[in-house]
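J.: For reference, the structure I am asking about is given below.
The values are calculated or read from the model by the stated rules, or taken from the named source; none is laboratory data. On a predicted model such as this, the values are computed, not experimentally measured, just so you know. Positions of Cβ are generated from backbone atoms using ideal geometry, with glycine treated the same way; all protein chains shown enter the neighbour counts. For the accessible areas, the whole protein counts, side chains as well, though only heavy atoms, and no ligand, DNA or RNA atoms are used. Shrake-Rupley method; radii C 1.70, N 1.55, O 1.52, S 1.80 Å.
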Amino acid sequence: AAAHYVPNAADNPLYDFRSGGLIRWRAELLAFLMHPRADLVNKIRRVKNAIGLRGSFVGVHVRHGDSCRHADLSSYRPLCRSVGDYMEVAKEVCELYEMSRVFLATDDASAVEYAKAAYPELDIVHINMDRRELESDWFIEYRMQAARESGANV
């Protein structure tokens, strides 16, 4: 082989799409790159245990705070979808993978109430917190800037 020979990628099993080689390689690479530090893993484990989030689950993030209030004022922010839209997809994924637990991360307490009432067949788990501090008519970017200017540690 020549000194500058580059083998044909199609001959490399790593790139063989039929065997899942490239997908598997990318998944392994992402798992390595995105693996959190040990102290963060421990914090995540403590929070999951505190809220009863064990085993397999579907994670859903519903933003209905500042991002929704200002979506109609923006030319680039997408309009917000209903909680039901998100939960219908979560239910489909749960059925597909034979799960029933959904972790619902949201800034909207009414989203949790709705999900629990409308989807009693799902085990809806969430972090119970006072969300009043998240309420504001300001875009999050402006709130962050104001906090920085006030000397807060943001």
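J.: Which fully enclosed helices (runs of 4 or more DSSP H) of segment 80-154 have 1 or more residues being in contact with a Ser or Thr (Cβ under 8 Å, 6 or more places away or on another chain), at pLDDT 90 or above and not hydroxyl-bearing (Ser, Thr, Tyr)?
T.: Fully inside segment 80-154 and qualifying: 83-96, 109-118.
J.: Which number in (1) open to solvent by less than 70 Å² (accessible area, probe 1.4 Å); (2) at pLDDT below 70; (3) assigned to a loop (DSSP other than H, G, I, E, B) marks the one condition that CYS68 misses?
T.: Going through (1) open to solvent by less than 70 Å² (accessible area, probe 1.4 Å); (2) at pLDDT below 70; (3) assigned to a loop (DSSP other than H, G, I, E, B) one by one, CYS68 breaks only (3).
J.: Right, here's the next one. Counting only residues that are open to solvent by less than 70 Å² (accessible area, probe 1.4 Å), among the hydroxyl-bearing types (Ser, Thr, Tyr) and within 15 Å of the chain's Cα centre (by Cα), how many does segment 83-129 have?
T.: 1
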